[in-house]
1. Output the residue which, of all residues in the range 15-47 that are of a type in the set (D, E, K, R) and closer than 14 Å to Ala4 by Cα, is modelled with the highest pLDDT.
2. Every residue in the range 1-14 that is open to solvent by less than 40 Å² (accessible area, probe 1.4 Å) and either at pLDDT below 80 or charged (D, E, K, R) (or both), please.
Amino acid sequence: MPRALLTLDHAQCLRIDKGPQTAADMATDTWNKLRVFVWTAQVQAACRVRRQGAC
């Protein structure tokens, strides 16, 4: 899971650096690779924070 969170951080930075499509693809790919039991409130909260621009 830490690797997934780092990848989401990277995607957020790409979005800020004007690469929105690449960022969206990276975030979606990462989210889809996570197992269902990993989709906890902690991961969802981290995604919300990243979506708000914390890079």
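1. Taking the range 15-47 and keeping what is of a type in the set (D, E, K, R), we get 15, 17-18, 25, 29, 33, 35.
Pick out the ones that are also closer than 14 Å to Ala4 by Cα and you get 25, 29, 33, 35.
Details: Asp25: 90, Asp29: 87, Lys33: 81, Arg35: 67.
Of everything passing the filter in the range 15-47, Asp25 is modelled with the highest pLDDT.
2. Ala4, Leu5
The values are calculated or read from the model by the stated rules, or taken from the named source; none is laboratory data. It should be emphasised that the depicted structure is a prediction, and the values quoted were computed from it without experimental measurement. In case anyone asks, the SASA skips ligands and DNA or RNA and just uses the protein heavy atoms, side chains included. Shrake-Rupley method; radii C 1.70, N 1.55, O 1.52, S 1.80 Å.
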